[in-house]
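The values are calculated or read from the model by the stated rules, or taken from the named source; none is laboratory data. The model shown is predicted, which means the values in this text are computed figures rather than measured ones. Cβ coordinates were reconstructed from backbone atoms using ideal geometry, including for glycine residues, and neighbour counts include every protein chain displayed.
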Amino acid sequence: MFGAVPTLTADFRADRTTSGARSRARRVGLISALVPLSLTLVQCGKAPDPAALATSSQANVQVVAKNNSQASNPRVASGDTFEDRFPAPQFRERFPSASESFLQRQMSDFSPRRAVQQQPPEQAPYKVASLEPQVPYKRPPRDDLTTLVSMKSSAFPYFGNNPASDAPFLNISKGDRRGHRSYSGRVFWQDETYSDSRVLVHVPEHFDVHKPGVIVVFFHGNGATLERDVRDRQLVPKQISDSGANAVLLAPQMAVDAADSSAGKFWQPGGFKRFMAESADHLARLSGDPESARAFANMPIVIVGYSGGFLPTAWSLEVGGISDRVRGVVLLDAIYGELDKFASWIESHRSGFFVSSYTRYTARRDRELMSMLRQKGISVAEDMEGPLRPGSVVFVETGDGITHRDYVTRAWTRDPLKDVLVKMSATPSLALTRVASTNPSASSR
C-alpha cells in the first residue's frame with residue numbers, strides 16, 4: 001500500500017512536465033504569429049518592400065518549423081534562445097550580390113512623354129517666338145459683303161432748317177404727324193419718307209485695307225430705295241466689285257421713294273465729315289479688321305451723285321468739312337442747280353477730277369458750268385477717251401437713245417461707275433490700287 005503512493009507522485013510530476021511543455025509551445029506559436037503583424041504595424045504608412053516581405057516570410061517559416069520541432073522535443077526547447085527565434089538579417093538579404101545591381105534612373109525618365117512627335121524644322125509652317133513670320137500673312141478668303149447699317153449721321157431723320165429758306169424742314173403738321181411740303185407743293189410725312197437712317201455698305205471680296213484704296217459715296221436720285229434701286233436695278237455694288245478697284249461703297253438712304261432731293265443732315269456744316277467718321281468704324285468692323293478704322297478715316301473719297309443726288313453732293317463739297325479728302329466727283333445727269341458750289345470746288349481742288357455726263361434734260365446747266373470754268377482759265381474735255389488725271393474736268397453728252405432712268409447702268413458706256421474706277425486706278429497719282437483683273441471689253445464703249 002505504501003509503495004503505491006510514490007508511483008502516483010511520479011505520474012503527477014510527469015503530467016505536469018508534459019503540460020508545461022505544451023503551454024510553452026502554445027506561447028511560442030502565438031509569438032511567432034504576432035511577430036509578422038508587429039513588423040507590419042511598425043512599417044505602417046510605408047510602401048512594403050517585396051524583398052523584405054519575402055525574407056520575413058522565409059524567416060517566419062523557419063521559426064515556426066523550429067518551434068514545432070522544439071515542441072515535439074522538450075529537450076531542444078529547453079535550449080532555445082532569442083537569436084534562435086529571431087535570426088539577424090544577413091548582408092546578402094539587404095544588399096544585392098556582385099552579380100546584381102540597382103536599377104539606375106536618369107532625369108529623362110521623369111520628363112513627360114510627348115504624344116505626338118514634333119515636325120522637322122523645315123516642315124514647320126511658322127516660326128515660334130520670331131519677329132518675322134516664316135510664311136507671309138494671307139487674308140482669309142471671304143465673299144462680297146453687301147449690307148444695310150443704321151447710322152446716326154446719315155441724312156435722315158432730320159429736324160433742322162432748310163438752308164434755302166432758313167425755315168424748319170418739317171414745315172407742316174397734322175395731329176401728331178409732321179411732314180415736309182416740297183417745292184412742288186406735295187407733302188411728304190416724316191415717319192414715311194424721312195425716318196430711314198440706313199446706309200448701304202458694300203465691301204468687295206478682293207478689297208484690301210492695307211493697300212491704297214478709295215471710298216465711293218453714292219447719292220441716289222428721286223423715287224429710290226437702297227435695295228430695290230441702288231442694289232438691284234442700278235447695280236452700284238456690282239459695278240464697284242467688277243471694276244477690280246480697291247474700293248468700298250457707302251450709299252445713304254435719302255428721301256424714301258419720293259420726288260424730293262432734300263439733303264437732310266448733309267445740309268449742316270461738318271455733316272459729311274461726321275458721316276465719314278462714323279462710317280470708318282463700321283467699315284473696319286465689316287471688313288474683318290477692327291484695327292483698320294484709322295485707315296478708313298483717312299482714305300480718299302469719290303462722290304457720285306445721280307439725278308436728284310446733286311443736292312447732297314453740292315452741299316457736302318461746300319460745307320461738309322472734308323472736301324480735301326475728295327479725290328473725284330462724278331455727276332450722272334445730275335446738274336439741276338448749285339453751279340457755284342461745283343465751280344468753287346473744281347477751282348480750289350486741282351488735285352482731284354470732275355466728270356459730268358448728261359442728257360438733253362440737263363444739257364443747258366452743264367453747258368453753263370463749262371462756260372463758268374473756261375472763264376476761270378480751267379480747261380475742259382468733252383469726252384472720256386483719255387485717262388483720268390489730277391485736275392481732269394470732263395463733260396460728256398450722251399445721245400437720245402440713253403434714258404434718264406437707266407443712266408447709272410448705261411451712259412457714255414455700260415456701267416459708267418465701273419469705267420470711272422478703272423480709269424482712276426490706272427493713274428498712280430490718284431492713289432488708287434487695282435487689285436483684281438476684269439474683262440477689258442466690259443468697259444469698252
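Of the numbered criteria (1) outside any loop (DSSP other than H, G, I, E, B); (2) surrounded by 17 or more Cβ atoms within 10 Å (Cβ to Cβ), the one residue 258 fails is (1). Taking the criterion of being more than 42 Å from the chain's Cα centre (by Cα) and surrounded by fewer than 17 Cβ atoms within 10 Å (Cβ to Cβ), the residues of the stretch 387-401 that qualify are 399, 400, 401. Scanning the stretch 273-299 for residues that are surrounded by fewer than 24 Cβ atoms within 10 Å (Cβ to Cβ) and in contact with a helix residue (DSSP H, G or I) (Cβ under 6 Å, 6 or more places away or on another chain) yields a total of 8. Can you tell me which residues in the stretch 346-365 are in a helix (DSSP H, G or I) and farther than 20 Å from residue 423 by Cβ? Listed by number, the residues that qualify are 347, 348, 363, 364, 365. For the stretch 319-345, a residue qualifies if it is in contact with a Ser or Thr (Cβ under 7 Å, 6 or more places away or on another chain) and part of a helix (DSSP H, G or I), and exactly one does: 345. Residues that are under 32 Å from the mean Cα position of the chain (by Cα) and either outside the structural domain of residue 326 (by TED's automatic domain parsing) or more than 11 Å from residue 330 (Cα to Cα) (or both) within the stretch 415-429 comprise 418, 422, 424, 425, 428, listed in sequence order.
Report the residue count in the stretch 285-310 for those that are touching a residue at least 40 places away in the same chain (Cβ under 8 Å), in a helix (DSSP H, G or I) and farther than 25 Å from residue 411 by Cα.
Within the stretch 285-310, the subset touching a residue at least 40 places away in the same chain (Cβ under 8 Å) is 286-289, 292, 295-296, 299-310.
Adding the requirement that they be in a helix (DSSP H, G or I) leaves 286, 292, 295-296, 307-310.
From what's left, farther than 25 Å from residue 411 by Cα: 286, 292, 295-296.
Final tally of qualifying residues: 4.
Does the stretch 188-206 contain any residue that is out of contact with any His (no Cβ under 7 Å at 6 or more places or on another chain), assigned to a strand (DSSP E or B), modelled with pLDDT of 95 or more and not assigned by TED's automatic domain parsing to the domain that holds residue 264? For the stretch 188-206, residues out of contact with any His (no Cβ under 7 Å at 6 or more places or on another chain), assigned to a strand (DSSP E or B), modelled with pLDDT of 95 or more and not assigned by TED's automatic domain parsing to the domain that holds residue 264: present. How about the stretch 162-186: which of its residues are exposed (fewer than 14 other Cβ atoms within 10 Å of the Cβ) and either assigned to a strand (DSSP E or B) or touching a Cys at 6+ places or on another chain (Cβ under 7 Å) (or both)? Correct list: 167, 168, 173, 174, 177, 181.
Could you please find all residues in the stretch 341-366 being under 21 Å from residue 301 (Cβ atoms), out of contact with any Pro (no Cβ under 9 Å at 6 or more places or on another chain) and free of Cβ contacts under 8 Å to residues at least 40 places away in the same chain? 341, 342, 343, 344, 345, 347, 348, 349, listed by residue number.
Being assigned to a loop (DSSP other than H, G, I, E, B) and either touching a residue at least 12 places away in the same chain (Cβ under 8 Å) or not assigned by TED's automatic domain parsing to the domain that holds residue 302 (or both) narrows it down to one of 388, 369, so name that one. Lay out the reasoning, then the answer.
Numbers: 369 fails: assigned to a loop (DSSP other than H, G, I, E, B).
Only one candidate qualifies: 388.
Taking the stated definitions as given, is residue 336 touching a helix residue (DSSP H, G or I) at 6+ places or on another chain (Cβ under 7 Å), farther than 20 Å from residue 207 by Cα and of a type outside the set (Lys, Arg)? Yes; evaluated as a whole, the condition is true for this residue. Surrounded by fewer than 17 Cβ atoms within 10 Å (Cβ to Cβ), over 41 Å from the mean Cα position of the chain (by Cα), β-branched (Val, Ile, Thr) and modelled with pLDDT of 95 or more - does that describe any residue in the stretch 361-379? Within the stretch 361-379 (the criterion being surrounded by fewer than 17 Cβ atoms within 10 Å (Cβ to Cβ), over 41 Å from the mean Cα position of the chain (by Cα), β-branched (Val, Ile, Thr) and modelled with pLDDT of 95 or more), the answer is yes, since at least one residue qualifies.
Please tell me if residue 356 is exposed (fewer than 13 other Cβ atoms within 10 Å of the Cβ), modelled with pLDDT of 95 or more and either within 28 Å of residue 248 (Cα to Cα) or in contact with a strand residue (DSSP E or B) (Cβ under 8 Å, 6 or more places away or on another chain) (or both). No, not satisfied.
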